[in-house]
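This report concerns only the one structure given below.
The values are calculated or read from the model by the stated rules, or taken from the named source; none is laboratory data. Quantities reported herein were computed from a predicted structural model and do not represent experimental measurements. Reconstructed Cβ throughout: ideal geometry from the backbone, glycine too, with neighbour counts over all protein chains shown. Side chains are part of the model used for accessible areas, which takes the heavy atoms of the whole protein and leaves out ligands, DNA and RNA. Shrake-Rupley method; radii C 1.70, N 1.55, O 1.52, S 1.80 Å.
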Amino acid sequence: VQLQASGGGLVQAGGSLRLSCTASGSTIRNYVMGWFRQAPGKEREFVAAISWGGGRTYYVDSVKGRFSISRDNAKNTVYLQMNSLKPEGAAVYYCAQGPRLGVPGTTASNYDYWGQGTQVTVSS
């Protein structure tokens, strides 16, 4: 599977962006999907994940109430809606595919395939 992330850009603090991650070569149906981010000089950090059925979502505490992950299996796409963005949210955001019919994890090792990343810049 190839994952293509898009939707990043420059936004003012308090603004919103919606990231998309479209898969090709294979379906995302029945697979856990997640978003991670990595800021310069920092380790890759878990942001959000969605269960293979779409009924359960998971977030890092720092984005709860502001970010929302969703999936459209018909479009083979996962989304990350980011509201009330903060300067500390600036990073390269990566989408990733996890295990088939598995439980969403919060560490990078739980995911098998990664997109190329999309840059999010937040100005204060």
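Data overview
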item	result
Subset of segment 63-104 (residues that are in contact with an Asp or Glu (Cβ under 8 Å, 6 or more places away or on another chain) and of a type in the set (S, T, N, Q))	97
Odd one out for residue 41 among (1) over 12 Å from the mean Cα position of the chain (by Cα); (2) at pLDDT 95 or above; (3) under 14 Å from residue 80 (Cα atoms)	(3)
Of residues in segment 53-64 being surrounded by 12 or more Cβ atoms within 10 Å (Cβ to Cβ) and at pLDDT below 95, the one farthest from residue 95 (Cα to Cα)	53
In segment 39-52, the residues that are part of a strand (DSSP E or B) and open to solvent by 60 Å² or more (accessible area, probe 1.4 Å)	45
Residue within segment 12-33 that is part of a loop (DSSP other than H, G, I, E, B), surrounded by fewer than 17 Cβ atoms within 10 Å (Cβ to Cβ), under 13 Å from the mean Cα position of the chain (by Cα) and in contact (Cβ under 8 Å) with a residue 12 or more places away in the chain present	no
Single residue of segment 84-105 satisfying the filter (part of a loop (DSSP other than H, G, I, E, B), touching a strand residue (DSSP E or B) at 6+ places or on another chain (Cβ under 7 Å) and farther than 16 Å from residue 55 by Cα) that is least open to solvent (accessible area, probe 1.4 Å)	85
